[in-house]
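First the structure, in the form of C-alpha cells, and then the observations on it.
The values are calculated or read from the model by the stated rules, or taken from the named source; none is laboratory data. Remember, predicted model here, so these are calculated numbers, not experimental data. For neighbour counting, all protein chains shown are included, and Cβ atoms are generated from backbone atoms with ideal geometry for every residue, glycine included.
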Amino acid sequence: MPDFLIYGANGYTGELITRFAVERGMRPVIAGRNEAAIGRLAEKHGLEHRVFSLDETEKLDAALSEVDMVLHCAGPFSITSRAMVEACLRNQKHYTDITGEIAVFEACAALDARAKEAGIMIMPGVGFDVVPTDCLAVRLKDRLPSATHLTLAWYGIGRMSHGTRATMTMNIGKGGAVRKDGKITSVPAAWKTRKIDFGSGVIKTGVTIPWGDVSTAYYSTGIPNIEVYSVVPPQAVRMMKLSRYLGWLLAAAPSQKILRSKIPPGGPNDAERAKGKTLLWGEARDNEGNRVEARQQGPEGYTTTALAALTIAEKILSGNFVPGFQTPAKAYGPDLILEIDPIQKPAR
C-alpha cells in the first residue's frame, strides 16, 4: 500500500518530486486532473495513479483512504489548497504542500485546533519556501532570544518554472507585505530596497517581497517585525513599482490572459539545476541595539524543494510529526536544513 499521495504530480515541481521519490525508494500514488499526463508519468515510474479534480469529493476521499499523508503540488495554492486541507481533516490524513503564499499559511494556521483534534499535522511550505529561510530564522532567534526584528533575504541563481511565474503573475497588483508588531501589513510592491552582503564577495540589491516567511517566521520565532527581500532583475523591479499604479489593469482578466500566454512552459532542466544555487542572508536585532546575522548556501530552489519535501514526508511517515499547524523549523528544529542533502554550506 502506498504511504502518501502526490497531487499535481504532472506539474514541473510535482514531476521532479515524483522522480526523486522513486530514486529514494519511495512508492507514492500520484494524482491530478490530467488523465493523459498522470498516466504517462505513472507508467514511466511504475507507480499507481488516480485521476480526479479537487471538487470530486468521493474520488478525493477514496484516494486519501489509501494513504497516510498528502504532498500537495497543484498550485496556485490560494485556489487549490483549501479543498485538499479540508479533505485531509475529514479523513484524518497529514497535509503538506509546497506553497509560498502568505494567505495559504495564514488559512492553515487558523486550522490548528481542528488539526489537533483530528490528530494530524498541517505543514504548508515544505519546499524552498520556506524550509531554508525558516531554519535560518530560528537559528537567528536562538542566537538572539531578545530579537524584535527579523530580516531575511535570498538570491536564487537559476530560472523559474511555468507554475512559479503563473502564481507571480496572478498576484500582480496585490502589493507587498511585511509583519509589523505581530500583524501582517500590506505595503506597496517593492516597498524597500537594500544592499545585501551574501558573502564571498556577492553583494546584491534586494527588494521587499511578500514571501511566505512574513507569515511562518512569526510562528517559528515569535519575532513580531519581519521583512523579506529577494534579488530580482531590474526590469522585474520596474514592473513591481509600476503595479502600484496599474495593478488594477494588470490584474484584470484580459491582461492576465496576455501575461500568462507569454510564460514559457516547463522549468530548468537537470543541467541548469545542477549549475544553480541559492544564497541566503538573515539578520535579527532587538530594541537595545543588539544584532546578529547569518548566511547560508544551498542547491538551486527546485532541487531544494524536492529534497526538503521528501525529507519531511519521510519523517511524517515514520511517525515523527506534531499534530496541529506547524512550520518546518518549529517542528523539526533549525538543523533540518542540514539533513537535506546536498546542502553545501549551513548557516554561519
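Take the residues in region 174-185 that are at pLDDT 95 or above and of a type outside the set (A, V, I, L, M, F, W, C); name whichever of them is nearest to residue 296 (Cα to Cα).
Filtering region 174-185 for residues that are at pLDDT 95 or above and of a type outside the set (A, V, I, L, M, F, W, C), the one nearest to residue 296 (Cα to Cα) comes out as 179.
Is it the case, given these coordinates, that residue 64 is more than 24 Å from the chain's Cα centre (by Cα) and buried (at least 19 other Cβ atoms within 10 Å of the Cβ)?
No: the conditions fail for residue 64.
Could you identify the single residue in 22, 85 that is in a helix (DSSP H, G or I), among the aliphatic types (A, V, I, L, M), without any contact (Cβ under 8 Å) to a residue 60 or more places away in the chain and touching a Cys at 6+ places or on another chain (Cβ under 7 Å)?
Every option except 85 fails the conditions.
Give me the pairs, please: first residue somewhere in region 310-325 and in the same structural domain as residue 108 (by TED's automatic domain parsing) and on the phi < 0 side of the Ramachandran plot, second residue anywhere and among the β-branched types (Val, Ile, Thr) and not in a helix (DSSP H, G or I), beta-carbon distance under 6 Å, and either six or more positions apart or on two chains.
Every condition considered, the pairs that remain are 311/340; 312/126; 325/122.
Where residues in region 320-340 are in a loop (DSSP other than H, G, I, E, B) and aliphatic (A, V, I, L, M), which of them is surrounded by the most Cβ atoms within 10 Å (Cβ to Cβ)?
340
Inside region 12-57, can you point out the residues that are in contact with a His (Cβ under 8 Å, 6 or more places away or on another chain) and not hydrophobic (A, V, I, L, M, F, W, C)?
Selection gives 12, 18, 19, 39.
Being in contact with a Leu (Cβ under 8 Å, 6 or more places away or on another chain) and within 15 Å of residue 70 (Cβ to Cβ) is the filter here, so list the residues in region 3-26 that pass it.
3, 4, 5, 6, 7, 9, 17, 18, 21, 26 - these are the residues of region 3-26 that are in contact with a Leu (Cβ under 8 Å, 6 or more places away or on another chain) and within 15 Å of residue 70 (Cβ to Cβ).
Tell me, yes or no, whether region 54-62 has at least one residue that is touching a residue at least 60 places away in the same chain (Cβ under 8 Å), in contact with a strand residue (DSSP E or B) (Cβ under 9 Å, 6 or more places away or on another chain) and part of a loop (DSSP other than H, G, I, E, B).
Within region 54-62, not a single residue is touching a residue at least 60 places away in the same chain (Cβ under 8 Å), in contact with a strand residue (DSSP E or B) (Cβ under 9 Å, 6 or more places away or on another chain) and part of a loop (DSSP other than H, G, I, E, B).
If I filter region 106-120 for residues that are modelled with pLDDT of 95 or more and either in the same structural domain as residue 180 (by TED's automatic domain parsing) or of a type in the set (Val, Ile, Thr) (or both), do I get at least one hit?
Within region 106-120 (the criterion being modelled with pLDDT of 95 or more and either in the same structural domain as residue 180 (by TED's automatic domain parsing) or of a type in the set (Val, Ile, Thr) (or both)), the answer is yes, since at least one residue qualifies.
Within region 177-213, track down each residue that is part of a loop (DSSP other than H, G, I, E, B), touching an Asp or Glu at 6+ places or on another chain (Cβ under 9 Å) and crowded, with 17+ Cβ neighbours inside 10 Å.
191, 210, 211, 212
Quick check on my filter: what residues within region 265-297 are farther than 29 Å from residue 16 by Cα and hydrophobic (A, V, I, L, M, F, W, C)?
Matches in region 265-297: 284, 292, 294.
Conditions: (1) surrounded by fewer than 19 Cβ atoms within 10 Å (Cβ to Cβ); (2) over 17 Å from residue 316 (Cβ atoms); (3) modelled with pLDDT of 95 or more. Residue 80 meets all but one. Number of the miss?
(1)
Can you give me the number of residues within region 90-117 that are touching a residue at least 40 places away in the same chain (Cβ under 8 Å), among the small types (Gly, Ala, Ser) and surrounded by 16 or more Cβ atoms within 10 Å (Cβ to Cβ)?
Result for region 90-117: 3.
Let's see how each residue does on (1) over 15 Å from residue 102 (Cβ atoms); (2) without any contact (Cβ under 8 Å) to a residue 12 or more places away in the chain; (3) over 22 Å from the mean Cα position of the chain (by Cα):
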{"position": "190", "(1), (2), (3)": "yes, no, no"}
{"position": "194", "(1), (2), (3)": "yes, no, yes"}
{"position": "198", "(1), (2), (3)": "yes, no, no"}
{"position": "201", "(1), (2), (3)": "yes, yes, yes"}
{"position": "205", "(1), (2), (3)": "yes, no, yes"}
{"position": "210", "(1), (2), (3)": "no, no, no"}
{"position": "213", "(1), (2), (3)": "no, no, no"}
{"position": "216", "(1), (2), (3)": "no, no, no"}
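Going by the conditions given, is residue 31 closer than 13 Å to residue 8 by Cβ, in contact (Cβ under 8 Å) with a residue 60 or more places away in the chain and among the hydrophobic types (A, V, I, L, M, F, W, C)?
So residue 31 does not fit the description; no.
Within region 124-135, is even one residue surrounded by fewer than 24 Cβ atoms within 10 Å (Cβ to Cβ) and either among the charged types (D, E, K, R) or not assigned by TED's automatic domain parsing to the domain that holds residue 208 (or both)?
Looking for residues that are surrounded by fewer than 24 Cβ atoms within 10 Å (Cβ to Cβ) and either among the charged types (D, E, K, R) or not assigned by TED's automatic domain parsing to the domain that holds residue 208 (or both), one finds none in region 124-135, hence no.
For (1) closer than 23 Å to residue 204 by Cα; (2) at pLDDT 95 or above, each residue gets a yes or a no:
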position	(1), (2)
263	no, no
274	yes, no
277	yes, no
280	yes, yes
285	yes, yes
293	yes, yes
305	no, yes
